[in-house]
Structures are given as structure tokens and as C-alpha cells.
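The values are calculated or read from the model by the stated rules, or taken from the named source; none is laboratory data. Since we're looking at a predicted model, the values are computed, not measured. Note that we place each Cβ from the backbone using ideal geometry, even for glycine, and neighbour counts take in every protein chain shown.
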Amino acid sequence: MTGPTRIIGAGRAGRSLHGALEQVGLDTELLDRTTDNRRALDGARMVILAVSDDAIAEVAASLEPGDAVVAHVSGSRTLEVLAPHRRRASMHPLMSLPNATTGAARLLDACHFAVCGDDAVLEIVDALGGIAFEVADADRPTYHAAACVAANHIVTLCAQVERLADDVGVPASAFWAMVETSVANVTETGAAAALTGPAARGDWGTIAAHLESIGEGERALYRAVAKAAAALAGNDWPDGLL
């Protein structure tokens with residue numbers, strides 16, 4: 001089938017994908033979700049829904065079924081949300097896309113894509129120079145949970161670094177090289193072997209001092225992660241530790 005690939009959704013994901021596909025020479029149109037897109041499938045080879053997860057089913061149902069592939073870029077949703085379309089697929093880029101320019105560059109840099117459904121999405125991944133791997137519908141919530149930990153949770157922990165560093169007048173930027181090298185260590189050895197610090201060593205007095213010194217609003221997050229670090233290291237969290 002010939003024709004353009006249309007992307008519905010002009011947020012960060014949609015604009016990043018549109019920019020990347022344009023750079024590799026594919027005929028691509030970007031449509032805003034707020035416009036009337038009922039005829040989006042006319043003459044298209046594929047329509048990609050780059051809208052919020054909760055909106056996918058509504059947008060898919062608003063499109064007149066045809067011969068084109070209808071795909072979404074959600075990591076958590078199954079193909080069922082694309083009913084009533086016959087040819088369905090999903091292609092979730094395992095990458096953070098902060099803006100259209102950076103996002104497009106990252107999508108073109110050997111990005112991994114979780115795919116499912118119609119093989120037409122593999123042509124898109126190949127065109128982008130990406131790496132495709134299949135995730136079954138039943139496994140998508142767990143897969144997406146891992147993706148959220150890898151991106152969102154790490155950023156949340158970095159925000160705690162910013163707050164604690166600010167409390168003592170140290171620039172947060174001084175800590176980012178440590179973050180980068182820690183992630184590099186995980187890449188080289190795996191998480192368990194890369195773990196360092198007081199929870200890995202069983203230095204409970206150090207952790208107790210941390211918990212006592214930081215603000216009450218910071219303790220729950222620190223404690224939860226420190227306990228998880230201790231478990232990763234095979235150390236038992238002592239009874240009575242704050």
C-alpha cells in the first residue's frame with residue numbers, strides 16, 4: 001500500500017516521530033488531535049495515534065475503518081483499544097522524548113521499539129534505524145512499569161538529589177557525573193554488581209544519620225529506596241531503624 005503515514009497527536013511523541021520520519025524521507029503528515037480527523041485513513045498507508053493512553057480508544061473509534069494500519073505508540077495499552085480496525089499494531093519507543101528536536105534525534109539513534117501486531121510497523125522501525133522487540137499484550141503493563149522506573153522514577157530520585165543538595169548549598173550539577181557513571185556501571189555489570197553505598201555495605205549507622213538529618217518529607221522516599229538497595233545486596237534491614 002502506498003500513501004502517507006499520518007500521525008494524530010501533536011505532543012512531544014507525535015512531533016518527535018514526525019520529525020524523525022521526515023528526516024528519513026517518508027511521506028508523513030502530522031495532525032492535531034483536536035481537529036476533525038475522521039477521514040485520516042483516506043489514502044493513508046498507516047495512521048499512528050500519538051495521543052494520551054486514555055484517549056487512544058476514543059480516537060481510534062472516531063476513525064472510519066479502512067485498509068490502512070492503525071497503530072498506537074503506547075507502552076501500556078494492548079491492541080484491543082484500536083477496535084474496530086482490522087489491521088492494528090503498536091510501536092512504543094523505549095526512549096524519553098523531551099521535545100521534538102531532541103526526540104527526533106533520539107528516535108534515529110538505534111532506538112529500541114516494543115512492537116506488536118501488524119508487521120507494517122517493522123517497516124517504520126527499520127526506516128528509523130531502530131531495533132524492534134516484541135512484547136505480548138499480556139506483558140505490556142509489566143514492560144511499561146519497567147520503562148517508567150527507568151525514566152520517571154530515576155528522574156524523581158534526581159529531584160530528591162536537587163532538594164537535598166540545595167539544603168546544604170551544594171550545586172546539584174556536582175552529582176550528575178556520579179549518576180552517569182552509576183548507570184554506566186549497571187550497563188557493564190548489571191545492577192546487583194554495580195550497587196555501592198551504605199545499604200550495600202550494611203552501614204546502618206550511616207543510614208540512620210541520613211534519615212535523622214534529612215527533612216521529614218524526604219524520609220519516606222529515601223527509606224523505601226534504601227530498603228530496596230539493602231535487599232538487592234542481600235542485607236536484612238535492621239529492626240528499629242528509622
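In this structure, does Glu64 turn out to be closer than 27 Å to Ala146 by Cα, assigned by TED's automatic domain parsing to the domain that holds Leu94 and over 22 Å from the mean Cα position of the chain (by Cα)? The answer is no for Glu64.
The set of residues in segment 97-130 that are within 18 Å of Ala150 (Cα to Cα) and in a strand (DSSP E or B) comprises His112, Phe113, Ala114.
Of the residues Ala159, Ala147, Ala165, which single one is in a helix (DSSP H, G or I), in contact with a strand residue (DSSP E or B) (Cβ under 9 Å, 6 or more places away or on another chain) and outside the structural domain of Ala13 (by TED's automatic domain parsing)?
Ala147
Filtering Pro171, Pro198 for residues that are loosely packed, with under 12 Cβ neighbours inside 10 Å, not assigned by TED's automatic domain parsing to the domain that holds Glu22 and not polar (S, T, N, Q) leaves a single hit, Pro171. Which of the residues spanning segment 69-110 are surrounded by fewer than 20 Cβ atoms within 10 Å (Cβ to Cβ), more than 21 Å from Ala138 (Cα to Cα) and small (Gly, Ala, Ser)? Once the filter is applied, which keeps residues that are surrounded by fewer than 20 Cβ atoms within 10 Å (Cβ to Cβ), more than 21 Å from Ala138 (Cα to Cα) and small (Gly, Ala, Ser), segment 69-110 yields Ser96, Ala105, Ala110.
Scanning segment 113-130 for residues that are over 17 Å from Leu21 (Cβ atoms) and surrounded by fewer than 17 Cβ atoms within 10 Å (Cβ to Cβ) yields one hit, Asp119. What do you reckon, is Glu180 in contact with a helix residue (DSSP H, G or I) (Cβ under 8 Å, 6 or more places away or on another chain), in a helix (DSSP H, G or I) and either among the aromatic types (Phe, Trp, Tyr) or modelled with pLDDT of 95 or more (or both)? Here the answer is no, as Glu180 does not meet what is asked.
Are any residues in segment 42-62 within 17 Å of Ala10 (Cα to Cα) and in a loop (DSSP other than H, G, I, E, B), and if so, which ones? Result: Ala50, Val51, Ser52. Residues in segment 135-145 that are at pLDDT 95 or above and loosely packed, with under 12 Cβ neighbours inside 10 Å: Thr142 only.
Count of segment 166-187 residues, restricted to those that are under 22 Å from the mean Cα position of the chain (by Cα) and aromatic (Phe, Trp, Tyr), is 1.
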